[in-house]
Amino acid sequence: MSYMRGDIYIWAGGTSVHFWVRDGYDGWDEAGWHDPAQATGASGVALSQVAADEYVVMRMAEMLDEGCFVAAIERALEKYRGNGGCRALADQAEILRKVAAKVAPKPEAIS
């Protein structure tokens with residue numbers, strides 16, 4: 001099932017979630033292990049769905065602390081509504097907005 005399609009393409013299949021970048025630039029130069037000689041062409045990686053899920057809930061908590069959770073919901077709905085992976089977000093957006101409204105952003109997380 002696709003979540004994001006375009007220059008960045010994210011889809012899930014089986015027990016993995018796949019991240020692919022059309023032009024090959026996925027921030028590899030920010031990693032200490034990158035090899036500039038291999039910096040051309042499309043690139044991607046597959047993570048276990050379990051690891052991706054764990055990251056997603058941690059990031060969601062940070063976004064609530066930062067006060068940017070609802071803005072991310074709106075951007076995702078605007079950009080990816082036609083993708084199968086966005087259906088659940090569209091279905092749950094209202095309840096997620098209500099939950100986010102009950103969380104006061106942490107001042108130290110906003111800066």
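Observations on the model:
- Amide proton proximity set for GLY24, modelled H, under 5 Å, gap of 5+: SER43
- Förster-model FRET efficiency, 25 Å R0, ALA104 and MET60, C-beta, rounded to 0.05: 0.95
- For LYS79, the lysines whose Cα falls under 27 Å of its own Cα, not counting residues fewer than eight places away in the same chain, are LYS98, LYS102.
- Counting all C-alpha pairs of the stretch 50-104, share separated by more than 18 Å (%): 35 percent
- Gain upon complete extension [ALA51, GLU74; 0.36 nm per residue less C-alpha separation]: 5.8 nm
- For MET4, the amide hydrogen comes within under 5 Å of the amide hydrogens of ILE10, counting only partners 5 or more places away or on other chains and with H modelled in the peptide plane.
- Exposure proxy ranking, count of Cβ atoms within 10 Å, fewest first, for SER16, SER48: SER48, SER16
Each value in this text was obtained by applying a stated rule to the coordinates, not by laboratory testing. Since the structure is predicted, the reported quantities are computational estimates derived from the model, not experimental observations. All Cβ positions, glycine included, derive from the backbone under ideal geometry; neighbour counts span all protein chains shown.
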